């Protein structure tokens with residue numbers, strides 16, 4: 001029986017002030033399946049191009065303890081793109097909290113209000129704060145106890161160059177029923193990411209079992225709020241699909257434990273679109289010994 005370890009996306013943040021919602025499952029489908037899937041694909045492309053999407057990511061800067069100056073000047077600790085101010089301010093990382101300090105004369109805003117000093121990360125900061133300066137915006141993220149500044153450029157040339165997402169042909173054979181076999185209690189699992197030395201520890205409610213072309217597979221599922229989340233590799237990985245694997249979401253099962261896995265909605269992780277994400281990598285246990293020719297493809301010549 002083939003087994004897969006499923007890991008959860010580390011990029012997802014709650015962009016409460018800008019952008020579209022990230023596209024996961026199809027949701028309710030009142031029309032025929034082909035129309036629903038096409039809308040899902042259109043919505044996914046819209047999300048990628050939105051302010052909260054992955055195409056505008058322009059930097060990921062890890063903070064050291066103490067003061068971290070930032071701006072476009074080369075003498076800063078964190079060097080922003082040339083379009084940003086030469087000396088914007090600093091991030092102070094102390095005792096698990098990050099405070100943003102803005103230099104005089106810099107027009108930096110949160111919720112359209114100018115800021116000079118603001119706490120942007122720590123136990124008391126419940127949702128990521130979006131800080132904006134002209135065409136740029138940034139948040140401070142916490143990954144396994146390490147803090148980083150994620151930068152977005154709303155005029156990133158990638159937004160103009162990216163035209164479409166490539167998919168395999170739609171196949172009913174990759175839209176399958178599965179059954180969740182729950183653990184006696186949820187398990188905390190340690191998984192790796194594309195950042196060396198950085199781990200993520202999602203909770204797993206159990207194992208999902210399904211069949212494709214008569215072969216049985218089981219996947220360890222990970223809790224993602226109202227959904228289950230999977231990362232998988234297969235024999236297309238690194239050839240026709242993204243080398244780190246693909247993501248798949250599913251609605252949580254009802255009381256009967258049955259759910260649907262629709263591999264036609266499997267998608268490349270955020271790392272496929274930029275170099276500034278902290279995505280998980282499918283482990284050896286994540287690999288399906290078959291070609292899953294459904295969902296999103298990856299052509300490295302177009303990225």
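Which percent, to the nearest 5, of DSSP beta bridges fully inside the stretch 57-155 are antiparallel? Antiparallel: roughly 95 percent of the beta bridges in the stretch 57-155. For the residues 183, 242, 136, a GNM of the chain with alpha-carbon springs under 10 Å puts the largest fluctuation on 183. Indicate, rounded to the nearest 5 percent, the antiparallel portion of the DSSP beta bridges found entirely in the chain. Once the DSSP bridges in the chain are tallied, antiparallel ones form about 90 percent. Using Cα springs under 10 Å in a Gaussian network model of the chain, which residue among 240, 209, 30 shows the largest mean-square fluctuation? Between 240, 209, 30, it is 30 that shows the largest mean-square fluctuation. The mean sequence distance of close C-alpha pairs (under 8 Å, at least 6 residues apart), as a share of the length of the chain, puts its relative contact order at 22 percent. If you take the square roots of the eigenvalues of the alpha-carbon gyration tensor of the stretch 57-155 and sort them as a ≥ b ≥ c, do you get rounded (a/c under 1.5), prolate (a/b over b/c) or oblate? The shape class here is rounded. Oblate is the label for the stretch 117-204, because a/c, from the alpha-carbon gyration tensor with a ≥ b ≥ c as root eigenvalues, is 1.5 or above and a/b does not exceed b/c.
As a length-normalised measure over Cα pairs under 8 Å and 6 or more apart, the relative contact order of the stretch 57-155 settles at 25 percent.
Springs join every pair of Cα atoms under 10 Å in this Gaussian network model of the chain, and among 241, 139, 127 the largest mean-square fluctuation is at 127. For the stretch 153-283, the Kirkwood radius over C-alpha pairs fed into Stokes-Einstein at 37 °C and 0.692 mPa s yields D = 202 µm² per second.
Each Cα pair under 8 Å and six or more residues apart adds its separation to the average, and for the stretch 169-288 the resulting relative contact order is 28 percent.
No value in this document is a laboratory result; all are computed from the given coordinates. All values reported here derive from a predicted model rather than from experimental measurement.
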